[in-house]
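Worksheet: the structure to be examined is printed underneath.
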Amino acid sequence: QVQLVESGGGLVQAGGSLRLACAASGSTFSRLTVGWFRQAPGKEREFLAVILLTDTYYADSVKGRFTISRDNAKNTVYLQLNSIKSEDTAVYYCASHRLGIYSVAGNYDYWGQGTQVTVSS
């Protein structure tokens with residue numbers, strides 16, 4: 001079993017930056033494939049990025065603005081948000097991938113509780 005805890009969310013101005021963290025425990029972290037998703041009010045959960053051992057993949061909507069990385073020594077995966085826009089306001093979740101297509105939320109088995117990102121204009 002894997003426990004995931006997100007942190008780093010908050011209120012940020014449009015154009016600013018934020019780094020989210022996803023701390024994991026309960027498994028061999030370095031072997032985990034971890035993805036980031038977000039969910040805005042009234043919308044479906046949206047795939048953002050995923051990191052394997054070293055490979056990374058991004059949704060087209062955030063490619064070039066968001067960067068996913070990992071620090072295996074700290075059992076943590078990060079999501080760096082740059083050039084933040086008002087439409088980035090959402091609850092951000094990390095999750096451990098089980099199998100299948102990386103962009104499908106149903107293919108992830110363990111989820112954190114989420115961290116709120118609110119963008120002010």
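The values are calculated or read from the model by the stated rules, or taken from the named source; none is laboratory data. In this text, all values refer to a predicted model and were calculated from it rather than measured experimentally. Reconstructed Cβ throughout: ideal geometry from the backbone, glycine too, with neighbour counts over all protein chains shown. Calculation scope for accessible area: heavy atoms of the full protein, side chains included, ligands and nucleic acids excluded. Shrake-Rupley method; radii C 1.70, N 1.55, O 1.52, S 1.80 Å.
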### Query
Hey, how many Å between the Cα centroid of the stretch 15-64 and the Cα centroid of the stretch 74-120?
4 Å
## Note on the structure
Shape descriptor, the stretch 45-121: equivalent ellipsoid semi-axes (Cα gyration tensor, sqrt 5λ, whole Å, largest first) stand at 20, 14, 13
#### Entry: Relative contact order for the chain, counting Cα pairs under 8 Å that sit 6 or more residues apart, in percent
36 percent
### Query
GNM on the chain, C-alpha springs below 10 Å: top fluctuator among Ala59, Ala21, Ala90?
Ala59
## Note on the structure
Amide H neighbours of Gly114 at under 5 Å, excluding residues fewer than 5 places away on the same chain, with H built from the backbone geometry, are Glu6, Cys94
### Task
Between Tyr102 and Ser30, with labels modelled 7 Å along Cα→Cβ, what's the label distance in nm to one decimal, could you check?
2.0 nm
### Task
Under 13 Å Cα to Cα from Lys43, which aspartates and glutamates show up? Leave out anything in the same chain fewer than 8 places away.
Glu87, Asp88
### Message
Can you compute 3J(HN,Hα) from phi for each residue in the stretch 110-117, using the Karplus curve 6.51 cos²θ - 1.76 cosθ + 1.60 with θ = phi - 60°, rounded to whole Hz and x for Gly and Pro?
### Response
10, 10, x, 7, x, 9, 7, 10
### Summary
Per-residue accessible area, 1.4 Å probe, largest first, puts Tyr110, Tyr93 in the order Tyr110, Tyr93
### Query
At a 1.4 Å probe radius, carbon and sulfur cover how many percent of the accessible area of the stretch 36-121?
49 percent
### Query
Which whole-number value in Å² is the accessible area per residue of the chain, probe 1.4 Å?
51 Å²
### Cα-based reach from Lys85 at 19 Å (exclusive), listing aspartates and glutamates while leaving out same-chain residues under 8 positions away
Glu44, Glu46, Asp60
### Task
Please quote Rg/Rh for the stretch 52-93 to two decimal places, taking the Kirkwood radius as Rh and restricting both calculations to Cα atoms.
0.99
